[in-house]
1. Looking for something in a loop (DSSP other than H, G, I, E, B) and touching a helix residue (DSSP H, G or I) at 6+ places or on another chain (Cβ under 6 Å) - is there at least one such residue anywhere in segment 5-19?
2. Scan segment 62-72 for residues that are under 13 Å from residue 152 (Cβ atoms) and either surrounded by fewer than 20 Cβ atoms within 10 Å (Cβ to Cβ) or outside the structural domain of residue 20 (by TED's automatic domain parsing) (or both) and report the count.
3. Can you tell me which residues in segment 23-42 are farther than 12 Å from residue 71 by Cβ and either in contact (Cβ under 8 Å) with a residue 24 or more places away in the chain or in a helix (DSSP H, G or I) (or both)?
4. Can residue 51 be described as outside the structural domain of residue 131 (by TED's automatic domain parsing), at pLDDT below 85 and within 15 Å of residue 24 (Cα to Cα)?
């Protein structure tokens, strides 16, 4: 049903309803924050990225709303570009998962509880960090941010099949390197 809400918000934004953008912020803001927090390990940086994502989204939507097909993918693409800019300005460091970040990542009723539990494992974090950044980011988008293959394809500019294969290979590689990951 989330896709229905997203489509409704996009339709209302296109019609010029400013309240729809506020609803978009309230709905997607925490998700963008969580995505940025996981990718940067800094609550302050994540907050800045979330805020700037919506500033840029508002500026773009006012001019090019007809070009936006998937609101969620559009917002995550902006956030990812800001994260890339952040790392270009700063030396890239390994993802460190603190207790505060773990609590923020854990959402009630999250279907990926097993992965969240496994993120506590230093070995998994080490193995995740050993992947190429692009591969690691695909896994984060799919299993932490719960984005669909289609949304990831739109965000990365790759074909859906290429995204699916890359995620499948990365999961397989992680399973071989870290036996704590379920095989099913």
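The values are calculated or read from the model by the stated rules, or taken from the named source; none is laboratory data. A quick note: this is a predicted structure, and the numbers were derived from the prediction, not measured. Glycine also receives a Cβ, built like all others from the backbone with ideal geometry; neighbour counts cover every protein chain displayed.
1. Within segment 5-19 (the criterion being in a loop (DSSP other than H, G, I, E, B) and touching a helix residue (DSSP H, G or I) at 6+ places or on another chain (Cβ under 6 Å)), the answer is no, since none of the residues qualifies.
2. Counting residues in segment 62-72 that are under 13 Å from residue 152 (Cβ atoms) and either surrounded by fewer than 20 Cβ atoms within 10 Å (Cβ to Cβ) or outside the structural domain of residue 20 (by TED's automatic domain parsing) (or both) gives 1.
3. 26, 29, 30, 33, 34, 35, 36, 37, 38, 39, 40, 41
4. no
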